[in-house]
Amino acid sequence: MQTNQDLNAKKCIFHSTKKSCLETVKSFLQKIHHKKDLNIFLEVFEKESLLRAQKIDQKIKNKSEGRLAGCVIAIKDNICYQGHTTTAASKILDNFESLYSATVVERLIKEDAIIIGRLNCDEFAMGSTNENSVYGPTKNPLNPLNVPGGSSGGSAASVSADLCHLAIGSDTGGSVRQPAAFCGVTGFKPTYGMVSRHGLIAYASSFDQIGPLSKCINTIDLFMQIVSGSDAFDTTCIFKQGYFQKKSSHNINFKVQKQSVLVIENTLNHKFISKEVRDLFLKFLKKIEDDGHIIKYINLPLLDYLVPAYYILSTAEASSNLARYDGIKYGFRSNSQSWENVIKDSRSKGFGNEVKRRILLGSFVLSEGYYSNYYTKAQRVRRLIKEETTNLLNENNFILTPTSPMLPFKIGVKKKDPTEMYLQDVFTVQANLTGNPSISIPIKPGFPIGAQFLGKFGRDAEIISFANYIKKI
């Protein structure tokens, strides 16, 4: 008897092809080579992926394949893969080779996924445009003159350009969802603690979550079934194995069970929102309402405090996490003579401007005399946001906002204004401050505007299912 899981797997994008795994990998490799000018891949595992495809084809013949047999996946350059270079797009980790694989990568490989390469990103996942990479910016496949968003810009671009079935990114303040919107694909940030962070190079530990991007929501669902669940290497991964599957709501008939969707009205009147984003989002709301779902509106006064609280807390954590990169143990090292100068010069030359800016800001808010004025207050604001979000979701099924207030902009246009860049995260950071799951889906196929659903804590399967349903209507 077929399970719901088996039925869902058959609907995944990589099961729809009649090609062998080897033919599929060859096709992707050809496309990657053809689109190399987009600067999406930092490294392609060509020989390795071809050999693995042959072995999986044999497994399929023997009917012993895993659930991801035939699924070609690319990984962000801040996720460890044993025996492969991992640099977080930073000079300070130049030529660093990982000694182990992230738990997520191990679980994917166990189910016969094919890892085809590592992807460009903002340095140490700090940015909203993918322009902070030491390897140069990634270009948006929908318009190569534009940024793809960030920090998981390479992940979103790889899916948008059809260079893999699914890409893995990391989301600290919207770094999966915002580039997903800019590149016209779907990006999901799981509940904090749903997916192990072991093997993810940390930016801000209480915010970071590994998340998938794809054009197919069923593939995202299967990814979550496989990678979610507790891990002995990550004590913050609190949900047990099988929790996601038990909470799966694929049998919910949303045509019958109408949902209450709460729209934060002041996002639609935000000073940075573009007219095109607002107009298309309102049309999107009308379609949901016409389908019979209940649309409610509320003003959230705390919206203005989301970005300040997020950047105070995340930079504080970053200043601590990045202290380990000193030029002594691994990665880039300067040629200075004294230990003090080795550390000072290695960090000065190894880190990019944005990373240094955030380290300095984090060190400042944690310093004596300023800790209580900034860090402590930001933690209080985070608690208020968490409580308010929980209360709103106790009375409604989902919170809905645009993913980003604006359309993708040209590469280099806004790089000189850090404050304006930070405000790219104004609608996405709520989910990271609270830990709730959130998904961005394209409002219009092939168009760089996304709608973001935020769901109840731990109810990842439900929000994925509803997004899949909404995407179809």
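The values are calculated or read from the model by the stated rules, or taken from the named source; none is laboratory data. A quick note: this is a predicted structure, and the numbers were derived from the prediction, not measured. Neighbour counts are summed over all protein chains in view; Cβ atoms, including those assigned to glycine, are modelled from backbone coordinates with ideal geometry. Remember, those area values only see protein heavy atoms, side chains included, never the ligands or the DNA or RNA. Shrake-Rupley method; radii C 1.70, N 1.55, O 1.52, S 1.80 Å.
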Quiz item: Of K386, K444, K416, which residue is touching a Leu at 6+ places or on another chain (Cβ under 8 Å) and assigned to a loop (DSSP other than H, G, I, E, B)?
Solution: K444
Quiz item: Just a yes or no: is a residue in the stretch 368-377 modelled with pLDDT under 95, small (G, A, S) and assigned to a helix (DSSP H, G or I)?
Solution: yes
Exercise. Collect the residues in the stretch 315-344 that are in contact with a helix residue (DSSP H, G or I) (Cβ under 8 Å, 6 or more places away or on another chain) and touching a residue at least 24 places away in the same chain (Cβ under 8 Å), keeping them in residue-number order.
Key: T315, A316, E317, A318, S319, S320, L322, Y325, G327, Y330, G331, F332
Exercise. Filter the stretch 54-80 for residues that are surrounded by 16 or more Cβ atoms within 10 Å (Cβ to Cβ) and among the small types (G, A, S) and give the result.
Key: G66, A69, G70, A74
Exercise. Return yes or no: is S346 hydroxyl-bearing (S, T, Y) and buried (at least 18 other Cβ atoms within 10 Å of the Cβ)?
Key: yes
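Taking the stretch 81-100, which residues are open to solvent by 10 Å² or more (accessible area, probe 1.4 Å) and either in a loop (DSSP other than H, G, I, E, B) or touching a Lys or Arg at 6+ places or on another chain (Cβ under 9 Å) (or both)?
Matches in the stretch 81-100: Y81, Q82, G83, H84, T85, K91, D94, N95, F96, L99, Y100.
Residues to consider are I109, I115; find the one that is aliphatic (A, V, I, L, M) and open to solvent by 10 Å² or more (accessible area, probe 1.4 Å).
I109
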Quiz item: Within the stretch 405-422, is even one residue surrounded by 22 or more Cβ atoms within 10 Å (Cβ to Cβ), polar (S, T, N, Q) and under 22 Å from Y310 (Cα atoms)?
Solution: no
Practice problem: Filter the stretch 377-398 for residues that are out of contact with any helix residue (DSSP H, G or I) (no Cβ under 6 Å at 6 or more places or on another chain) and either hydrophobic (A, V, I, L, M, F, W, C) or at positive phi (or both) and give the result. | Solution: L384, L392, L393, F398
Exercise. Select the helices (runs of 4 or more DSSP H) contained entirely in the stretch 230-317, then report the ones holding at least 1 residues which are within 30 Å of I359 (Cα to Cα) and either touching a Leu at 6+ places or on another chain (Cβ under 8 Å) or not aromatic (F, W, Y) (or both).
Key: 265-268
Practice problem: Just give me the residues in the stretch 21-51 being touching a Lys or Arg at 6+ places or on another chain (Cβ under 6 Å) and among the aliphatic types (A, V, I, L, M), in sequence order. | Solution: L38, L42
Exercise. Of all residues in the stretch 375-386, count the ones that are more than 24 Å from the chain's Cα centre (by Cα) and under 16 Å from L262 (Cα atoms).
Key: 0
Exercise. Filter the stretch 107-135 down to residues that are touching a residue at least 40 places away in the same chain (Cβ under 8 Å) and outside any loop (DSSP other than H, G, I, E, B), then give me how many there are.
Key: 12
